[in-house]
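A short reminder: the numbers here are calculations on the coordinates, not readings from a lab. From a predicted model like this one, the values you see are computed outputs, not experimental measurements. Backbone-built Cβ (ideal geometry, glycine too); neighbour counts: all protein chains shown.
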Amino acid sequence: MPARTKGVFQRQEGKMRHTKNGISRKAAAIAAVLAAAIIAALVIPGAGRQPFFFGLTGGAKAGNLAVSLTFDVEDVDDANETASIPAILDLLGRRNITATFFVTGRFAERYPDLVRRIHGAGHEIGLHTYEHFFPVFTEAHASKVAKAFGTSQAYVWMMSFRTPAAFEQSIRKNQRAIINATGGYFPKSFRSPGLVTRWDPSDAFYEALEYAGVWTDSSVMQDFSSAGTVLAPVHIRGAVTEVPVARGEDFLGAASASPAGRALTERLRMGNIPLVIMLHPKNMGDEELSGLGGLISGLEGRYNVTFLTIASLAAQTAAR
Ligand SMILES: [Zn+2]
């Protein structure tokens, strides 16, 4: 992690930092909205126990929790990826869970049957660029990503779109591939490869999404760095809402049931903020699948859980 990150979703000592690309005014407005939401959750009696996502009433459990399971599908040459997707679909089907799969255009073209099967099971299909390149448009952003990934800036730059126009074109190609694979489904949610947007959630990035007809983005990390700062899904511009990712594969199984894992989930629950988990089918074997089952059972044991797609989380935010 770079020592200092800037942008819409990073706060330093409670203040938005100014950025060179002119997003500071919007960032301040978003910070004010976030602050109001946090204050409301802390001050209004019962606010923390009345999630706006759904209308379940609490029983003996600790409260209501919205959970979004997301799967990034990207690697056309990884045999484990194509092999594990049917097993994941079986597990989700058995547990009656609707999830989101962010699928690259290349994957949708190579494995249309698999994409059709995901869609047919009722899951949301989202976008992950056509070729799994990074939406990075400046060398400064490339440098931050390189530092975080422990690789060279030249490599990140080589794997990046470099211009918003090239990025937007890739999203449109990704949309066409999914429309073709599914027989007409138009994907409206996006996730950045490598979650690189977390290091520079720029105007240019969200503008490209808006122009391509994307409604929801899930490309920044949740902030658990200090008390009271967890980020709610937030409307950015046009129809675009940002839904932060809470945890990844590291939260499967025992990790989510540990004291730290429970405390993290509880912080989200108290702020009415969804628990968004980012997973990769290429990394999922028997152990991870059973870890996913354990995560689901653990959460359902403690909360009245509603599993929602990324698009429905954003729609609930927009309607609030
Ligand atoms: Zn990816």
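List, in order, the whole-Hz ³J(HN,Hα) value for each residue of the stretch 115-124 obtained from phi through the Karplus relation with A = 6.51, B = -1.76, C = 1.60 and θ = phi - 60°; use x for Gly and Pro.
Along the stretch 115-124, the couplings run 5, 5, 5, 4, 4, x, 7, x, 7, 7 Hz.
Multiply the residue separation of Ser258 and Arg172 by 0.36 nm, subtract the distance between their alpha-carbon atoms, and state the gained length in nm to one decimal.
Contour length minus Cα-Cα distance gives 26.8 nm.
When the convex hull of the Cα atoms of the stretch 52-319 is projected onto a plane and the area is averaged over all directions, what value comes out in nm²?
Working: hull surface 54.6 nm².
Its average projected convex-hull area is 13.7 nm².
List the GluC sites (Glu not before Pro) in the stretch 90-151 that DSSP assigns to loop (not H, G, I, E or B) and whose Cβ has at most 16 other Cβ atoms within 10 Å. Which are they? The partial results should precede the final answer.
Values: sites: Glu109, Glu124, Glu131, Glu139; in loops: Glu131.
Sites meeting the loop and neighbour criteria: Glu131.
What does the charge count around Glu74 come to, taking other residues whose C-beta lies under 15 Å from its C-beta (Lys +1, Arg +1, Asp -1, Glu -1)? Could the numbers behind the result be given before it?
Working: positive: Arg106, Arg110, Lys173, Arg191, Lys282; negative: Asp72, Asp75, Asp77, Asp78, Glu81, Glu109, Glu131, Glu249.
So the surrounding residues net to -3.
Could you give each residue of the stretch 229-234 its phi-based ³J(HN,Hα) in whole Hz, using Karplus coefficients 6.51, -1.76, 1.60 with θ = phi - 60°, and x for Gly or Pro?
Calculated HN-Hα couplings, in order: 10, 4, 8, 7, x, 9 Hz.
Could I have the simple spin-label model distance between Asp250 and Arg237, label points 7 Å from Cα toward Cβ, reported in nm to one decimal?
3.2
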